[in-house]
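Undergrad: This structure is in structure tokens; I'll ask about it shortly.
The values are calculated or read from the model by the stated rules, or taken from the named source; none is laboratory data. Keep in mind the model is a prediction, meaning the values are calculated, not measured. Cβ coordinates were reconstructed from backbone atoms using ideal geometry, including for glycine residues, and neighbour counts include every protein chain displayed. For the accessible areas, the whole protein counts, side chains as well, though only heavy atoms, and no ligand, DNA or RNA atoms are used. Shrake-Rupley method; radii C 1.70, N 1.55, O 1.52, S 1.80 Å.
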Amino acid sequence: MSEPTAQPLAEPLVQAQAEVAELLSELIRIDSTNTGDTATSAGERKAAEWVAGKLDEVGISSQIFESERGRASLVARIPGADRSRPALLVHGHLDVVPADPAEWSVHPFAGEERDGYIWGRGAVDMKDMDCMVLALVRDWARTGVQPPRDIVLAFLADEEAGGRLGATYMVDEHPELFEGCTEAISEVGGFSITVRDDLRLYLVQTAEKGMGWMRLTVGGRPGHGSFVHDDNAVTRLAEAVARIGTHRFPLTLTPPMRQFLAAVEDAYGIEIDPAEPELALARLGSLSRMIGAALRNTANPTMLQAGYKANVVPGTASATVDGRFLYGQEEEFERQLDALMGEGVQREWLVHNQAVETTFDGPLVDQMVAALKAEDDGARPVPFTMSGGTDAKSFERLGMRCFGFSPLRLPPELDFASLFHGIDERVPVESLQFGIRVLDRFLRSA
Ligand SMILES: [Zn+2]
């Protein structure tokens with residue numbers, strides 16, 4: 001873009017910090033709800049085109065790819081100063097989960113700014129990171145900043161339904177776009193938990209559990225509901241479901257969670273009972289439900305299907321269970337499930353993908369730590385394992401080390417964990433500005 005008169009170069013990041021809130025409002029207004037069904041998921045194409053327009057304004061070219069009609073992902077590459085170095089992938093998803101306006105204090109797709117926050121679906125998952133990155137690279141382009149290594153930007157469809165039409169599609173069909181990328185950053189991590197005024201833990205995701213969504217099916221003898229019946233599929237399925245749903249899987253401390261618990265002990269000056277670490281995690285409030293789930297394999301029954309009439313015993317009954325296993329626990333998890341299911345219960349995977357884990361060390365991690373500490377002298381970065389799954393699983397297949405690093409310094413009173421897929425999802429504008437400054441330091445030194 002040419003200016004009518006010669007302007008002095010902008011102060012670093014002034015424009016990025018000034019425009020990030022408006023960018024986020026605009027992107028939230030593009031309703032990119034992922035219903036899990038292409039026929040009713042319309043907004044990703046519009047969102048990708050909006051991103052392309054914002055990049056184009058500052059001379060960054062990008063490409064949009066569709067896996068199915070409207071299921072659009074965008075990729076751009078910003079050349080680094082040293083092209084012999086491996087590239088870094090910065091990815092975010094453009095889709096959001098549904099939101100019911102009747103439940104919200106503001107309309108979830110109005111992108112309203114109120115009380116210093118941007119409100120709306122996607123404000124923390126993860127249009128916030130999308131817009132921090134966008135604001136930063138626009139600022140760089142305007143002020144002539146070149147990162148040290150190639151940065152590949154990917155704004156992806158379909159993360160909220162498992163990524164098949166977004167990250168998985170891009171990795172399978174267009175792996176050349178990610179050529180040379182050895183590391184990646186995205187959600188979920190980089191946010192703060194306040195321990196006290198001068199100490200905040202910043203949780204960096206270095207691992208995520210694998211996903212095993214399964215259908216359990218039991219066959220039995222069909223018959224009249226009024227008769228004596230000792231081979232009832234519904235009863236046998238219910239027993240298996242109850243055993244699984246009430247089972248507490250054994251405690252399994254993976255390296256990131258060992259480091260995380262040690263950091264919690266140190267920060268709070270407490271001793272954690274190694275046999276019952278969940279007790280101590282209660283200090284983390286609602287985050288403890290997310291983080292506590294990374295101490296064990298888990299399996300939660302979520303759906304039941306059987307029967308069609310009150311007086312007919314059906315010949316089959318089935319249930320859906322959301323299983324999650326820790327890194328290195330895949331086979332053990334199957335063994336545990338088989339033991340719980342009992343005789344005559346069939347199991348099939350509906351979705352099955354791998355757990356991922358990397359170590360919290362190396363130059364990239366050093367730069368994350370340094371960038372956080374430079375912007376917050378009370379920052380103490382710690383690794384953790386995410387209980388849910390993200391697009392990192394797809395990029396890990398290309399050999400990348402994946403980190404959840406979307407830096408946000410959060411006010412101590414904000415119940416951040418509840419905002420993910422939650423009602424009144426919102427993010428402080430100051431946190432976005434902090435994130436931009438951290439990302440700038442990090443990406444300029446990474
Ligand atoms: Zn997300």
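Undergrad: Of all residues in the range 319-330, which are surrounded by fewer than 19 Cβ atoms within 10 Å (Cβ to Cβ), in contact with a Ser or Thr (Cβ under 9 Å, 6 or more places away or on another chain) and either closer than 18 Å to Thr385 by Cα or of a type in the set (D, E, K, R) (or both)?
TA: Passing the criteria: Asp322, Gly328.
Undergrad: List pairs: first in the range 52-80 and open to solvent by 50 Å² or more (accessible area, probe 1.4 Å), second at pLDDT 95 or above and polar (S, T, N, Q), Cβ under 7 Å, 6+ apart or cross-chain?
TA: none
Undergrad: Additional query: Which one is farthest from the ligand (Cβ to nearest atom), of the residues in the range 132-164 that are open to solvent by less than 20 Å² (accessible area, probe 1.4 Å) and of a type in the set (Lys, Arg)?
TA: For the range 132-164, the residue satisfying everything is Arg149.
Undergrad: When the residues of the range 293-322 are filtered to those that are part of a loop (DSSP other than H, G, I, E, B) and aliphatic (A, V, I, L, M), which remaining residue is farthest from Glu334 (Cα to Cα)?
TA: Selected residue: Ala310.
Undergrad: Now for a different question. What number of residues in the range 116-131 are away from the ligand (no atom under 16 Å from the Cβ) and touching a Lys or Arg at 6+ places or on another chain (Cβ under 9 Å)?
TA: Adding up the residues that qualify gives 3.
Undergrad: Go through the range 331-347 and report how many residues are outside any helix (DSSP H, G or I) and either under 13 Å from Ala299 (Cβ atoms) or open to solvent by less than 80 Å² (accessible area, probe 1.4 Å) (or both).
TA: Summing the residues that are outside any helix (DSSP H, G or I) and either under 13 Å from Ala299 (Cβ atoms) or open to solvent by less than 80 Å² (accessible area, probe 1.4 Å) (or both) in the range 331-347 gives 4.
Undergrad: Further question on the same structure: Pairs, please: C-beta under 8 Å, at least 6 apart or cross-chain, first residue over 16 Å from Asp115 (Cα atoms) and in the range 411-429, second of a type in the set (Lys, Arg) and part of a strand (DSSP E or B)?
TA: Pairs found: Leu419/Arg426.
Undergrad: List the number of the failed condition for Ile291; all other conditions in (1) open to solvent by 10 Å² or more (accessible area, probe 1.4 Å); (2) touching a residue at least 12 places away in the same chain (Cβ under 8 Å) hold.
TA: Single failed check for Ile291: (1).
Rundown of residues vs (1) modelled with pLDDT of 95 or more; (2) within 16 Å of the ligand (Cβ to nearest atom); (3) open to solvent by less than 40 Å² (accessible area, probe 1.4 Å); (4) not in a strand (DSSP E or B), yes/no style:
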site	(1), (2), (3), (4)
Gln367	yes, no, no, yes
Ala371	yes, no, yes, yes
Asp377	yes, no, no, yes
Gly388	no, yes, yes, yes
Phe395	yes, yes, yes, yes
Glu413	no, no, no, yes
Ser431	yes, no, yes, yes
Phe434	yes, no, yes, yes
